[in-house]
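I have placed the structure first, in the form of structure tokens, so that the comments after it can refer back to it.
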Amino acid sequence: MSTDPFLIGWAHTAFGKTAPEVGVEELMAEVSTAAIADAGLAVADVDAAFVGVFNSGFSRQSFEAALLGAGRPELAGIPASRHENACATGSAALHAAMDHVQSGRGRVALVVGAEKMTGVGNDVVNDALLGASYRRTEAGAGSFAALFGQLADVYADRYGDPRQALSLIAAKNHRNGVANPWAQLRRDLGVEFCSAPSDKNPVTAGRLLRTDCSLVSDGAAALVVTSADVASGAGRRVRVAGRAQANDVFAIANRADPIAFDGARRAFAAALAEAGTDLAGLSLIETHDCFTLAELIQYEAFGLAEPGKGATVLAEGTTQPDGRLPVNVSGGLKAKGHPIGATGVSQHVLAAMQLTGEAGDMQLPKAERAAVFNMGGAAVANYASVLAVA
């Protein structure tokens, strides 16, 4: 029998700005038992829970693993742990849950990723996100967006201005997000709007416009991870055929090449190798477009294009929903939103829905194998997984 972990249930909130009284506790409560029910299981079947919340100053309430049981008292007796790895927090929780199941320590694990970002001022949000950089050498940038603005300058100096490519990525993801009922910004903004600074699309940092940056969001998502024997009795299931984590040097200045995203390359290649497939075997990718520049560089790190040639992928329409390898059919972080702890879990939920034919207006005609990539920091903690129809 396969020892691969399986995803058999999930739940997802709308992403966006919630009411002031809604906190992480309420967000987790909305999805936790819903995912268990979606899996056709009972709370008593869950062996352990893995909670992903970044926090970093968004809330004075920490100890988020215990918040799971506070929001849903019936879950309070389940062993729970909180996981954090910057913007890859959700994937960190998911990978820990898969380790738990694959090791034989348990047969059913609940994964919940959540974040409440809009309850504090912009200055607090900015400082919390800057905490995902190496403050000793990078705090002077002033914001995480500014760090990616600097990387955009490096890219431009080496390969030419990526402005048009960034605009095409933004427009693609916003157009895709219209079909996502959970997306924060369901509006087709168009390439022209995403191409030039304006009152409604001002410069955020350096070469990056507002449309190049992911959104400040609240939201949660949950998954149920099980062993093969439990999954065999499920109404539907998705197999995790391969997965990997790879880290890179924290300080960008200390890397051999700051725009190579070498950790992303290694994680993605290792996950595909474990799954016994390659790019040609994928039906779609859900990837971490915290900034449009990140998606552009990921095209090159994943092997869709040679270094500096990511724009060709866009010119050829490769990553469009009707292209050879659709990327971010969900709208990505760009349109869907980026509640930090929820993002990695959300990406897997949306990929799984494609494979089970449950993606509604987002559904691709053929989806048999999906890759998910989620990164923490400026491609420091890199998680990749390959999901397959079971």
**Message:** Within region 176-199, does at least one residue satisfy the condition of being open to solvent by less than 80 Å² (accessible area, probe 1.4 Å), out of contact with any Cys (no Cβ under 8 Å at 6 or more places or on another chain) and charged (D, E, K, R)?
**Reply:** no
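Being surrounded by fewer than 24 Cβ atoms within 10 Å (Cβ to Cβ), out of contact with any helix residue (DSSP H, G or I) (no Cβ under 7 Å at 6 or more places or on another chain), of a type in the set (D, E, K, R) and farther than 30 Å from Ala19 by Cα: is that true of Arg266 here?
So Arg266 passes the test.
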**Message:** So, restricting to helices (runs of 4 or more DSSP H) that lie completely within region 272-390, which ones have at least 2 residues that are touching a residue at least 12 places away in the same chain (Cβ under 8 Å) and open to solvent by 10 Å² or more (accessible area, probe 1.4 Å)?
**Reply:** 292-302, 310-315, 340-355
**Fill in**
Within region 1-56, the residues that are under 22 Å from Arg105 (Cα atoms) and assigned to a loop (DSSP other than H, G, I, E, B) are Met1, Ser2, Thr3, Asp4, Pro5, Ala39, Gly40, Leu41, Ala42, Val46, Asp47
**Request:** Could you give me the residue pairs with C-beta distances under 7 Å whose first residue belongs to region 111-125 and is at pLDDT 95 or above, whose second residue is of a type in the set (Asp, Glu) wherever it lies, and which are 6+ apart or on separate chains?
**Result:** Glu115/Asp218; Lys116/Asp218; Met117/Asp218; Thr118/Asp218
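The values are calculated or read from the model by the stated rules, or taken from the named source; none is laboratory data. For clarity, every value in this text was computed on a predicted model and none was experimentally measured. Virtual Cβ from ideal backbone geometry, glycine too; neighbours counted across all protein chains shown. Note: areas computed on protein heavy atoms with side chains; ligands, DNA, RNA excluded. Shrake-Rupley method; radii C 1.70, N 1.55, O 1.52, S 1.80 Å.
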